[in-house]
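Everything below concerns the one structure shown next.
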Amino acid sequence: MSLFGTRQRTRVLALANQKGGVGKTTTAINLGTALAAVGERVLIIDLDPQGNASTGLGVDQRPISTFDVLSGHATIMQAMVPTPNVPRLSIVPATIDLMSFEREAGASGGRHYRLRDCLAAMTAAEEPDQAATYILIDCPPSLNLLTVNVLAAADAVLVPLQCEFFALEGLAQLLNTVDEIKVRLNPKLQIHGVVLTMYDTRTSLSDQVVDDVRRVLGEKVYTTVIPRNVRVAESPSHGKPVLLYDYRCLGSQAYIQLASEVIERERRMRAA
C-alpha cells in the first residue's frame with residue numbers, strides 16, 4: 001500500500017544509484033514514457049541538479065523547480081508541467097539550484113521528510129481520478145540529502161545497473177543505504193528491482209556481469225536487459241524519449257518490455 005492511503009493506487013518509485021552514467025535518467029524518461037503509452041498517468045520528479053530528465057523530455061523553461069518545492073516556496077502541483085510530446089506524462093523539473101538544498105535545509109527538523117510531506121500535500125489536494133498512478137523520482141548520482149529524501153518518501157527503489165566490471169561493488173553500497181533508511185526513516189521501503197543497462201552483445205564482460213548479478217540477487221533482477229544503443233544515446237539531444245525518436249529500435253522495445261515487467265511486478269507485490 002502507498003503511504004498516501006487507500007483512495008488511490010499511486011506508487012512512488014525511486015530510480016537510484018550513487019554512480020553516474022549508469023542509465024538512471026534515461027531509464028526514468030523512457031520507463032515513464034512507456035508506462036504512459038499503456039495508459040498509466042505518470043509524474044517524473046527530477047531531483048538531479050543537472051536537470052537532464054527535464055531536458056530529455058523537452059522541458060526547457062523551468063520557472064518553478066524541485067528546489068522551490070523542497071524549500072516550501074511552491075507545491076508540486078504548481079511546479080509540475082505536462083511534457084510536450086507524451087500524453088499522461090508530466091514532470092517537476094530541476095535546476096542547478098538543487099545544489100544548495102543541503103545548505104538550505106541545514107539541521108532543521110524533518111529535513112529528511114521534505115519530499116514525503118510535499119507528496120502527501122499533493123495527494124490531499126488533487127482529485128483522485130486525476131492522480132498519477134506512478135511517480136518516478138530521478139535521484140542524483142550520490143547518496144546525499146536529496147537521495148535520502150527520495151528514499152524516505154518512496155514505496156520502492158528501482159536500480160539501474162550498468163553492465164561493467166565494478167557494478168556489484170557500487171550496488172552493495174546502495175543496498176546498505178536502503179537497509180539503513182528502512183530502519184531509520186521508512187520501514188516500508190523495498191527494492192523493486194535491478195535493471196541491467198548498457199548491455200553490449202559484443203563483449204563477454206556484459207554476459208559475465210549479467211550472470212554475476214543474477215546469481216547474487218536472483219529474482220530481484222528484471223528479466224529485461226537494456227542494450228547499449230546509439231538511438232537511446234541520441235534521443236535526449238532532440239528533447240524526446242527514445243520511444244518517440246525511434247520506436248522500432250532495440251532500446252525502445254526494451255523499455256516497453258521493462259514497463260510491462262514493472263506493472264506485472266506491481267501486481268504481484270500488491271497481492272502479496
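The values are calculated or read from the model by the stated rules, or taken from the named source; none is laboratory data. None of these values were measured; they are calculated from a predicted model. All Cβ positions, even for glycine, are placed from backbone atoms using ideal geometry, and neighbour counts span all protein chains on display.
For region 159-168, check the following and say yes or no: at least one residue is assigned to a helix (DSSP H, G or I), farther than 18 Å from ALA94 by Cβ and at pLDDT below 95. Working first, answer last.
In the first step, residues of region 159-168 are kept if they are assigned to a helix (DSSP H, G or I); the result is 167-168.
Those left that are additionally farther than 18 Å from ALA94 by Cβ: 167-168.
If we keep only those that are at pLDDT below 95 as well, we get 167-168.
Yes, because at least one residue in region 159-168 is assigned to a helix (DSSP H, G or I), farther than 18 Å from ALA94 by Cβ and at pLDDT below 95.
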**OP:** Have a look at LEU89, LEU119 and point out the one that is out of contact with any Leu (no Cβ under 7 Å at 6 or more places or on another chain), within 30 Å of ASN229 (Cβ to Cβ) and at pLDDT 90 or above.
**Re:** LEU89
Original post:
Out of (1) farther than 27 Å from THR177 by Cβ; (2) at pLDDT 95 or above; (3) under 16 Å from the mean Cα position of the chain (by Cα), what's the single condition that is false for THR66?
Top reply: (1)
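Of all residues in region 80-134, which are under 30 Å from TYR247 (Cβ atoms) and either hydroxyl-bearing (Ser, Thr, Tyr) or in contact with a Phe, Trp or Tyr (Cβ under 6 Å, 6 or more places away or on another chain) (or both)? Can you show your working first?
As a first pass, look at region 80-134 and keep what is under 30 Å from TYR247 (Cβ atoms): 80-94, 129-134.
Result: THR83, SER90, THR133, TYR134.
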Original post:
In region 179-272, which helices (runs of 4 or more DSSP H) lie fully inside it and hold 3 or more residues that are touching a strand residue (DSSP E or B) at 6+ places or on another chain (Cβ under 7 Å)?
Top reply: 204-217, 250-271
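Could you tell me which of the residues VAL216, VAL209, VAL195, VAL232 is touching a Ser or Thr at 6+ places or on another chain (Cβ under 8 Å), farther than 29 Å from ARG9 by Cα and of a type in the set (A, V, I, L, M)? Quick ask: steps written out before the conclusion?
Values: VAL216 fails: touching a Ser or Thr at 6+ places or on another chain (Cβ under 8 Å); VAL209 fails: touching a Ser or Thr at 6+ places or on another chain (Cβ under 8 Å); VAL195 fails: farther than 29 Å from ARG9 by Cα.
After applying the criteria, what remains is VAL232.
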Original post:
How many residues does region 151-171 contain that are in contact with a strand residue (DSSP E or B) (Cβ under 8 Å, 6 or more places away or on another chain) and over 17 Å from VAL194 (Cα atoms)?
Top reply: 1
**OP:** Within region 219-227, identify whether any single residue is of a type in the set (Ser, Thr, Tyr) and touching a Pro at 6+ places or on another chain (Cβ under 8 Å), and answer yes or no.
**Re:** no
Original post:
Looking only at region 148-158, which residues are in a helix (DSSP H, G or I) and either farther than 11 Å from LEU15 by Cα or of a type in the set (Val, Ile, Thr) (or both)?
Top reply: VAL148, ASN149, VAL150, ALA152, ALA153
Original post:
List pairs: first in region 121-144 and free of Cβ contacts under 8 Å to residues at least 60 places away in the same chain and under 12 Å from MET77 (Cα atoms), second of a type in the set (A, V, I, L, M, F, W, C) and crowded, with 18+ Cβ neighbours inside 10 Å, Cβ under 8 Å, 6+ apart or cross-chain?
Top reply: ALA121/ILE76; MET122/ILE76
Subject >> Subset of region 204-231 (residues that are surrounded by fewer than 17 Cβ atoms within 10 Å (Cβ to Cβ), under 23 Å from VAL242 (Cα atoms) and β-branched (Val, Ile, Thr)) >> reply: THR223, VAL230
**OP:** Kindly provide the set of residues from region 233-249 that are more than 17 Å from the chain's Cα centre (by Cα) and closer than 18 Å to VAL22 by Cα, ordered by number.
**Re:** ALA233, GLU234, SER235, SER237
**OP:** Looking at (1) surrounded by fewer than 18 Cβ atoms within 10 Å (Cβ to Cβ); (2) over 26 Å from THR147 (Cα atoms); (3) at pLDDT 90 or above, find the lone condition where ALA254 falls short.
**Re:** (1)
